[in-house]
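The structure appears below as structure tokens.
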Amino acid sequence: MSLDVSPALLEQAERGEVDEADFVDCVRTSLPYAWEMISSLVDRLKVEGGQFADNRTPPPDEQARGQLLRALASDAIRGALQRHFGVRLAFQNCHRVAVFPVDSSVDERLARFTSVRGQLLNQSPELRDC
């Protein structure tokens, strides 16, 4: 299971629409490593500026790696995080997460980051089994 869903949130979903803030809070508490990674990158982007901020440090363990994979592989989670933080998320492998501003001036840089070429250039033997 990827999220620790409270009975109240599950009940909300069963009744119909879910308050996105409640969903985001569920993600925050269920996937703390992923949340911290993304929020720290958002903070870094705000402080340093530039076209994007990314992480190049592998997760400390498989649990943390799994959190990143669950957060970024789920359209619902990824979309909610992007709306919550006001950024676009990009993901290249088991740990290289990047945040881009929601600004058309960085579209070309985002396209390079998420391109086939970008993916190939980000490979290394150390990441073979990630």
Open item on the list: Let me make sure I get this right: for the range 37-95, a, b and c are the square roots of the gyration tensor eigenvalues over alpha carbons, sorted descending. Under 1.5 in a/c it's rounded, otherwise prolate if a/b > b/c, else oblate. Which is it?
Closed with: oblate
Open item on the list: Leaving out ligands, DNA and RNA, and with a 1.4 Å probe, what % of the accessible surface on the range 51-116 is carbon or sulfur?
Closed with: 50 percent
Task: Span from the the range 34-50 Cα centroid across to the the range 78-92 one, whole angstrom - done: 11 Å
TODO: Please list the non-local residues whose amide H lies under 5 Å from the amide H of residue 53, H modeled 1.01 Å from N, same-chain partners needing a gap of 5 or more.
DONE: 99
Open item on the list: In whole Hz and in residue order, list the ³J(HN,Hα) couplings for the range 7-22 that follow from phi through the Karplus curve 6.51 cos²θ - 1.76 cosθ + 1.60, θ = phi - 60°; x for Gly and Pro.
Closed with: x, 5, 5, 4, 4, 4, 5, 5, 7, x, 5, 10, 5, 4, 4, 5
Open item on the list: I'm checking a number: the convex hull volume of the Cα atoms of the range 1-106, normalised per residue, in Å³. What is it?
Closed with: 101 Å³
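The values are calculated or read from the model by the stated rules, or taken from the named source; none is laboratory data. These numbers were taken from a predicted model, which means no experiment stands behind them. Heavy atoms of the whole protein, side chains included, go into the accessibility calculation; ligands, DNA and RNA do not. Shrake-Rupley method; radii C 1.70, N 1.55, O 1.52, S 1.80 Å.
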